[in-house]
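The structure appears right after this line, and notes come after that.
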Amino acid sequence: MQELLRVLDPGTEDWGLARLIDPSRLPAHVAIIMDGNGRWAKRRFLPRVAGHKAGVDSVRSVMETAARLRVEVLTLYAFSSENWKRPKSEIDTLFRLLRFFLRQELATMMEQNIQLNAIGRIEDLPEQARDELHRVIGLTSRNNGLKVNLALNYSGRSDIIDGVNRLIEEARAQGQLGSLEISEEMLQGAVSTSGLPDPDLLIRTSGEMRISNFLLWQIAYAEIYVTQTYWPDFRCADLLRAILDFQKRERRFGGLSALERVQAEDQVAEAVPVR
Ligand code: IPE
Ligand code: IPE
Ligand code: MG
């Protein structure tokens, strides 16, 4: 937090927003569905891939802002398992941009103590992108600041299925398949985000009100924030606005607020007959 204020120019919008953030109530895990690159480009009479290219600057800005804020985990939905349905030329550009981003950002990741990870079926990515990804994951593995998860060839359903299959495999290896009964804790430890807190805040850019097969298991109680802003326009100020909105929310996890609980306890149950 202090680190973010130090790098921002006093008087700017970013600085003004950063000053409003309560550092004691930061989301530990922010997950983002980075959407709207195509529409951003279309609006400018540019090809879709120009939107993806511009979106790389947003990734950089959001990653650096999250690191300086001292958010623990940032998960970015970069390529879904369903995105293979797109034209090959667009897919090729996306993975070229991924390689470019990884090469260009490595120094910053080291400087800002960022640890990169990938979630999704990485083994099926184009070879060069996969190699670059493994290289940067390896080089940043000892960093212990912000954890950035890139969701690539990711599907929330596959994540759950892979987790279940992992548990089955383990049980089989131990000769305990017959008595296997999967609990919530076991699956929590077997999905791709095992060991990390669930997302507190889920952001989707460009206005679509859907999850598109992202982190289905993990977002059970995430606060959802949808902004009309297209991903290539989403920068530091937009992330700060999303976090400020999150900080105004009351998270109840199915219970009541402290005040409501006191009031409810004072109420006489028989006051409203059931029949
Ligand atoms: C998000 O932008 C990037 C990826 C899904 C890879 P889109 O490419 O989906 O942009 P729109 O939704 O067509 O505007
Ligand atoms: C979700 O966006 C996937 C990513 C942001 C990587 P899409 O643009 O693929 O989602 P739909 O098709 O609008 O649901
Ligand atoms: Mg889209």
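The values are calculated or read from the model by the stated rules, or taken from the named source; none is laboratory data. Since the model is a prediction, treat every value here as computed from it, not as a measurement. Cβ atoms come from the backbone with ideal geometry, glycine included; neighbour counts cover every protein chain shown. SASA here: full protein model, heavy atoms, side chains in, ligands and nucleic acids out. Shrake-Rupley method; radii C 1.70, N 1.55, O 1.52, S 1.80 Å.
Which of the residues spanning the range 228-253 are open to solvent by 40 Å² or more (accessible area, probe 1.4 Å), in a helix (DSSP H, G or I) and within 17 Å of ASP35 (Cα to Cα)?
The answer is ASP233, and nothing else.
Among the residues that make up the range 32-46, is at least one of them assigned to a strand (DSSP E or B), within 10 Å of ligand 2 (Cβ to nearest atom) and under 30 Å from LEU244 (Cα atoms)?
Yes - at least one qualifying residue is present in the range 32-46.
Find the residue count for the range 254-275, including only residues that are open to solvent by less than 100 Å² (accessible area, probe 1.4 Å) and part of a helix (DSSP H, G or I).
Residues flagged as open to solvent by less than 100 Å² (accessible area, probe 1.4 Å) and part of a helix (DSSP H, G or I) within the range 254-275 amount to 7.
Here are some conditions: (1) in contact with an Asp or Glu (Cβ under 7 Å, 6 or more places away or on another chain); (2) within 14 Å of ligand 3 (Cβ to nearest atom); (3) among the aliphatic types (A, V, I, L, M). LEU8 meets all but one. Which one does it not meet?
Single failed check for LEU8: (2).
Of the residues that make up the range 14-31, is at least one open to solvent by less than 40 Å² (accessible area, probe 1.4 Å) and either within 16 Å of ligand 2 (Cβ to nearest atom) or among the basic types (Lys, Arg) (or both)?
yes
Considering only the range 195-214, state which residues are farther than 25 Å from ARG44 by Cβ, out of contact with any Ser or Thr (no Cβ under 7 Å at 6 or more places or on another chain) and touching a residue at least 12 places away in the same chain (Cβ under 8 Å).
LEU196, PRO197, ASP198, ASP200, LEU201, LEU202, ILE211, PHE214
Within the range 106-154, track down each residue that is farther than 17 Å from ALA66 by Cβ and acidic (Asp, Glu).
Answer for the range 106-154, where residues must be farther than 17 Å from ALA66 by Cβ and acidic (Asp, Glu): GLU123, ASP124, GLU127, ASP131, GLU132.
Can you tell me which residues in the range 161-182 are small (Gly, Ala, Ser) and touching a residue at least 12 places away in the same chain (Cβ under 8 Å)? Steps first, please.
We begin by selecting, within the range 161-182, every residue small (Gly, Ala, Ser); these are 163, 171, 173, 175, 178-179.
If the condition is that a residue be small (Gly, Ala, Ser) and touching a residue at least 12 places away in the same chain (Cβ under 8 Å), then GLY163 is the only one that fits.
Quickly run through the range 66-88 and pick out the residues that are farther than 14 Å from MET109 by Cβ, away from ligand 1 (no atom under 11 Å from the Cβ) and surrounded by 20 or more Cβ atoms within 10 Å (Cβ to Cβ).
LEU69, VAL71, VAL73, THR75
Any chance you could count how many residues in the range 209-233 are within 16 Å of ligand 2 (Cβ to nearest atom), out of contact with any strand residue (DSSP E or B) (no Cβ under 7 Å at 6 or more places or on another chain) and closer than 18 Å to ASP245 by Cβ?
Final tally of qualifying residues: 2.
Within the bounds of the range 183-192, is there any residue that is touching a residue at least 12 places away in the same chain (Cβ under 8 Å), away from ligand 2 (no atom under 15 Å from the Cβ) and charged (D, E, K, R)?
Taking every residue of the range 183-192 in turn, none turns out to be touching a residue at least 12 places away in the same chain (Cβ under 8 Å), away from ligand 2 (no atom under 15 Å from the Cβ) and charged (D, E, K, R).
Here are ILE168, ILE91: which of them is among the β-branched types (Val, Ile, Thr) and within 15 Å of ligand 1 (Cβ to nearest atom)? Outline the logic, then answer.
Details: ILE168 fails: within 15 Å of ligand 1 (Cβ to nearest atom).
Of ILE168, ILE91, the one residue that is among the β-branched types (Val, Ile, Thr) and within 15 Å of ligand 1 (Cβ to nearest atom) is ILE91.
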